[in-house]
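Everything on this sheet refers to the single structure shown next.
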Ligand SMILES: [Zn+2]
């Protein structure tokens, strides 16, 4: 294999490698965007759940106070809340699948808070610097 071929192959390897890193970064971005969207949905459902619970409380209070049946309303709100509870559970599962477990620090193996760039315990940098799209071009330039 002559030197020129070697250089061409090396440059191909580098650009393949860079492409892989770019895809990984894009995949991570996609997952993080999806996770943010699901968390937003989850917050909305949790708020709705809070309203339902407050509504249920009011209905039960009225029922006791007036001594008359609010059963129909209570049943309706109960059914809606149970459905909501299931939806919340589903969303939480989806979010957990997008974020498999808390990240661990490579320096001290402690759990890292979400979105941490540096470990709060030992100060190690825990987030890889973002892969820039212009890196492969720069790497190829060195070969010529
Ligand atoms: Zn650490």
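The values are calculated or read from the model by the stated rules, or taken from the named source; none is laboratory data. A quick note: this is a predicted structure, and the numbers were derived from the prediction, not measured. Note that we place each Cβ from the backbone using ideal geometry, even for glycine, and neighbour counts take in every protein chain shown.
Key figures
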{"quantity": "Some residue of region 119-139 being surrounded by fewer than 11 Cβ atoms within 10 Å (Cβ to Cβ), in a loop (DSSP other than H, G, I, E, B), modelled with pLDDT of 70 or more and more than 11 Å from the ligand (Cβ to nearest atom)", "calculated": "no"}
{"quantity": "Selection from region 32-59 of residues that are surrounded by 14 or more Cβ atoms within 10 Å (Cβ to Cβ) and more than 35 Å from the chain's Cα centre (by Cα)", "calculated": "59"}
{"quantity": "Among the residues listed as 55, 67, 115, the single one being modelled with pLDDT under 90 and away from the ligand (no atom under 16 Å from the Cβ)", "calculated": "67"}
{"quantity": "Matching residues, region 12-31, being without any contact (Cβ under 8 Å) to a residue 60 or more places away in the chain and under 17 Å from residue 95 (Cβ atoms)", "calculated": "27, 28, 29, 30"}
{"quantity": "Qualifying residue in region 95-108 (condition: modelled with pLDDT of 85 or more, assigned to a helix (DSSP H, G or I) and more than 16 Å from the ligand (Cβ to nearest atom))", "calculated": "yes"}
